[in-house]
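No value in this document is a laboratory result; all are computed from the given coordinates. Remember, predicted model here, so these are calculated numbers, not experimental data. Cβ: placed from backbone, ideal geometry, glycine included. Neighbour counts: every protein chain shown.
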Amino acid sequence: MTRVSLFNSPLLLGFDHIERVLDSVSKASADGYPPYNIEQLSETALRITLAVAGFAEDELEITVEDNQLIVRGRQKSEDREGIYLHRGIAGRQFQRRFIMAEGIEVGSATMELGLLHIDLFRPEPTVRSRTIAIKNTGTAGKLKQTQTVDI
């Protein structure tokens, strides 16, 4: 099946990065495990909370690659031998990706009662201002002197 690009117009050159981001977002939203919340804590702070019951801290990995926050979980061993009449608690490995906007940074991660909290923040932009000196080269302001000759 041929995929039709949204950005195939010759007027939209250089937007292939946006198309790749949209593709990765659509793939990431297809899997619903583990469930998560994203909350805004302030104007510059966000928190992602993932429900990772059954995983220990050393079975979780948080990495940042380019502009993606990636959370991976893999239980090390199945120590829970036994006969299950019903097994509804997910213990499978997972990988959850979050696309971060430019300038967003990961602050910290904490685990509490089976919930993994990842705090993100956007640093206040620093205003960079400088004065540019104007140089006088001496040629633009001078008038040309011409000599007149009588014939």
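Restricting to region 89-108, and then to whatever is among the hydrophobic types (A, V, I, L, M, F, W, C) and loosely packed, with under 11 Cβ neighbours inside 10 Å, can you tell me which residue is nearest to ARG74 (Cα to Cα)?
Applying the filter and picking the extreme gives ILE89.
Give the number of residues within region 109-138 that are surrounded by fewer than 10 Cβ atoms within 10 Å (Cβ to Cβ) and closer than 25 Å to GLU43 by Cβ.
Of the residues in region 109-138, 8 are surrounded by fewer than 10 Cβ atoms within 10 Å (Cβ to Cβ) and closer than 25 Å to GLU43 by Cβ.
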